[in-house]
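Asks: Below you'll find the structure I mean.
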Amino acid sequence: MTIERGEYETRQAAARAAARSRDFSALIAWSRGGSTQDHYAEVYYLTGFYTHYPIIPDLPERWRAQGHTALVLPVDGPSTLILDVARRQAPEPVADRVVWANDVVDALARAVEETVDRGVDVGLVGGETLTWKWGRELAARLPWHRLIEVDELGAEIRLSKSPAELGLIRAAGAVGTAAVTAAMQAAVPGVTEAEIAAIAIGEIVRSGGALYGMGLSSGPWAHTFSPSTPAAYSRRRLEAGDMVRLDIYGSVEGYLFDFGRSRVAGKPPTREQQEVVDAVRESVHAGTELLRPGKTLGAVARRCEEVFAGSAYARQHGQPRHTMGGAWGHGLGLDWGPPWIVPDSTVEVRAGMYFAVERRIEAPGLGGANYENNIIVNETGPEVVTPAADEYGELA
């Protein structure tokens, strides 16, 4: 399953309508590529194009903003997609005009000058990855256009997923499930964290998915998310009784899975280790049950908190510091972010939404554990698309 051209055209029409409702005469969508999978959603969602060209420093007079793309989408008028590569594989990206440029910033300014009337407001989505020096250049080049950052507009139009998107999301969940299952089964004494990571990555790549990243830790470091080096895993060998935790994220045609599991390697867990694993798992399950149309995300988060507070771990150790600022999860799709699952959220759950629900405990001296699932909201309730086992091997 893939996204057809007609759906991209429908998305652009929705984006134009959203811009018009805010009195914008045009939208600029800016995205980063370079194989990072960070902040690629704005242009990719509207055109189907992602650049794998690396992000390299600007070289004046030769190139600028390599590894980035931009779309100029007038409310009334033809769209212009600016790319940093000249040759592309099929299918072609969806835009009225496709421009290749070594200097993406210059080409963007030219496209606005050519297609958007002067003296109007222009909405900018994806501004988090538009560097200060590039933004300053655009402001100087376009003094007759007021650029207004509205990143929330992009998130709003992507919130409810189409049937084609849901198909890709289910495929991504299956790829992620295979990767996590293989990694957890391989997490036995004598194996290195790097070998576990290689097994998970191999499952993703063989399935045609793309690795985004991971956090892998074990033993005396299991309470941390990952090493402080570019590799998200170490060459440490597992020992019997080590806690092992994995949070991994990747995609199928851009649609993300983001979930994880934990286990004890080589022997049954101690009572304290089991309590850590139980606390994160049961609290996430409880909140997931409330991901139903008509409920609020606040109610979901409060239910997670209630069950976590009643766990054997919390009764003995108290509430640990929250690793996500009080959030129990987030929206998912071509990115992760809003709406966040937090206790004071009034966002109403609707069919077609896609979420990650998660919790991680950091327990120095004991270990650490995380549990996370990805869920589609259907009319009848939650559909877990990452049905990996709740526990592995020696866990009771």
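The values are calculated or read from the model by the stated rules, or taken from the named source; none is laboratory data. Please read these numbers as outputs of a predicted model, since none were measured by experiment. Cβ placement follows ideal geometry from the backbone for every residue including glycine, while neighbour counts extend to all protein chains displayed. Calculation scope for accessible area: heavy atoms of the full protein, side chains included, ligands and nucleic acids excluded. Shrake-Rupley method; radii C 1.70, N 1.55, O 1.52, S 1.80 Å.
Asks: Among (1) acidic (D, E); (2) more than 27 Å from G250 (Cα to Cα); (3) open to solvent by 50 Å² or more (accessible area, probe 1.4 Å), where does E92 come up short?
Replies: With respect to (1) acidic (D, E); (2) more than 27 Å from G250 (Cα to Cα); (3) open to solvent by 50 Å² or more (accessible area, probe 1.4 Å), E92 is out only on (2).
Asks: Mind counting the residues in segment 59-86 that are within 28 Å of A210 (Cα to Cα) and touching a residue at least 60 places away in the same chain (Cβ under 8 Å)?
Replies: Qualifying residue count, segment 59-86: 3.
Asks: So G337 ticks every box in (1) on the phi > 0 side of the Ramachandran plot; (2) at pLDDT below 95; (3) not in a strand (DSSP E or B) but one. Which box is left unticked?
Replies: Result: G337 fails condition (3) only.
Asks: On the basis of being at negative phi, touching a His at 6+ places or on another chain (Cβ under 8 Å) and in contact (Cβ under 8 Å) with a residue 12 or more places away in the chain, does P343 make the cut?
Replies: Answer is no for this residue.
Asks: Look at R158 and say whether it is crowded, with 17+ Cβ neighbours inside 10 Å, under 27 Å from Q66 (Cα atoms) and charged (D, E, K, R).
Replies: Answer is yes for this residue.
Asks: Would you mind finding the one in G119, G126 that is under 25 Å from W336 (Cα atoms), small (G, A, S) and in contact (Cβ under 8 Å) with a residue 12 or more places away in the chain?
Replies: The conditions single out G126.
Asks: How many residues are open to solvent by 40 Å² or more (accessible area, probe 1.4 Å) and assigned to a helix (DSSP H, G or I) if we restrict to segment 179-194?
Replies: Final tally of qualifying residues: 1.
Asks: Kindly indicate whether R321 is open to solvent by less than 60 Å² (accessible area, probe 1.4 Å) and among the basic types (K, R).
Replies: Judged against the criteria, R321 is not a match.
Asks: Which one of A369, A351 is over 20 Å from V175 (Cβ atoms) and buried (at least 23 other Cβ atoms within 10 Å of the Cβ)?
Replies: After applying the criteria, what remains is A369.
Asks: Separate question: When you scan segment 55-76, do you find a residue that is over 21 Å from T131 (Cβ atoms) and of a type outside the set (A, V, I, L, M), even just one?
Replies: yes
Asks: Ok, one more. Filter segment 29-43 for residues that are open to solvent by less than 40 Å² (accessible area, probe 1.4 Å), over 11 Å from the mean Cα position of the chain (by Cα) and not hydroxyl-bearing (S, T, Y) and give the result.
Replies: A29, W30, G33, G34, E42, V43
Asks: Can I ask one more? Among (1) closer than 22 Å to G167 by Cβ; (2) open to solvent by less than 20 Å² (accessible area, probe 1.4 Å); (3) touching a helix residue (DSSP H, G or I) at 6+ places or on another chain (Cβ under 6 Å), where does P382 come up short?
Replies: For P382, the failing item is (2).
Asks: So R136 passes all but one of these: (1) open to solvent by 60 Å² or more (accessible area, probe 1.4 Å); (2) touching a residue at least 24 places away in the same chain (Cβ under 8 Å). Which condition number does it fail?
Replies: If we test R136 against (1) open to solvent by 60 Å² or more (accessible area, probe 1.4 Å); (2) touching a residue at least 24 places away in the same chain (Cβ under 8 Å), just (2) comes out false.
Asks: Now for a separate question. Output the residue which, of all residues in segment 289-303 that are in a helix (DSSP H, G or I) and open to solvent by 10 Å² or more (accessible area, probe 1.4 Å), is nearest to Q185 (Cα to Cα).
Replies: R303
Asks: So, one more: Which condition number in (1) among the acidic types (D, E); (2) open to solvent by 50 Å² or more (accessible area, probe 1.4 Å); (3) modelled with pLDDT under 95 is the one that E306 fails?
Replies: (3)
Asks: Return a yes/no flag: does segment 101-117 have any residue that is open to solvent by 10 Å² or more (accessible area, probe 1.4 Å), under 18 Å from L138 (Cβ atoms) and among the hydroxyl-bearing types (S, T, Y).
Replies: So far as segment 101-117 goes, yes, one or more of its residues are open to solvent by 10 Å² or more (accessible area, probe 1.4 Å), under 18 Å from L138 (Cβ atoms) and among the hydroxyl-bearing types (S, T, Y).
Asks: Right, another one. Within segment 222-247, track down each residue that is touching an Asp or Glu at 6+ places or on another chain (Cβ under 8 Å) and closer than 30 Å to Y50 by Cβ.
Replies: Passing the criteria: F225, Y233, D247.
Asks: Name every residue in segment 312-333 that is in a helix (DSSP H, G or I) and of a type outside the set (D, E, K, R), in order of residue number.
Replies: A312, Y313, A314, Q316, H317
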